[in-house]
Amino acid sequence: MNVQKIYTAVRTTIIVGGIVVGTGIAWATVIAGLCRIVFKLGENEALLWIGIPAFVLYMCWGVVYLPKEMRKAGFID
């Protein structure tokens, strides 16, 4: 494996990982906030029981589907 392939793999991992973590946190916060308002939950309960599972589900979805979509958009090679 040459240096260019290693560089491309590391760059792709960092880009996809950063985007997935950032958007996962954002969406989990929005979903937990909405559920907190609708179901009259406390802040800790909403984040613990709704925010963390939403974050984990988004992370799984993002790692599987995001690289393909980012390749189509031209963000990664």
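Just so you know, all these numbers are worked out from the coordinates, no wet-lab data involved. Note that the coordinates shown come from a computational prediction; the quantities given were computed from them, not determined experimentally. Please note: Cβ atoms are built from the backbone with ideal geometry, for glycine as well, and neighbour counts cover all protein chains shown.
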query = How large is the helix-only mean residue ellipticity at 222 nm for the chain, computed as the sum of -39500 (n - 2.57) over DSSP H runs with n ≥ 4, divided by its residue count, in deg cm²/dmol to the nearest 500?
reply = -28500 deg cm²/dmol
task = Report, in degrees rounded to the nearest 10, the 0 to 90 angle that the Cα long axis of helix 3-39 makes with the longest principal axis of the chain.
result = 10
query = By a straight-distance test (C-alpha under 23 Å), which lysines pair with K5 as possible cross-link partners, with residues fewer than eight away in the same chain excluded?
reply = K68, K72
ask   = When mean projected area of the Cα convex hull in nm² is calculated directly from the model, which label among [x] 5.9; [y] 5.3; [z] 4.9 fits?
value = [x]
L41/Y65 FRET efficiency (R0 22 Å; Cβ-Cβ; nearest 0.05) = 0.15
message = How high is the relative contact order of the chain? Use alpha-carbon pairs under 8 Å, at least six apart in sequence, and give a whole percent.
response = 36
request  = Treating the angle as unsigned and between 0 and 90°, give the value, to the nearest 10°, between the Cα long axis of helix 52-73 and the longest Cα principal axis of the chain.
outcome  = 30
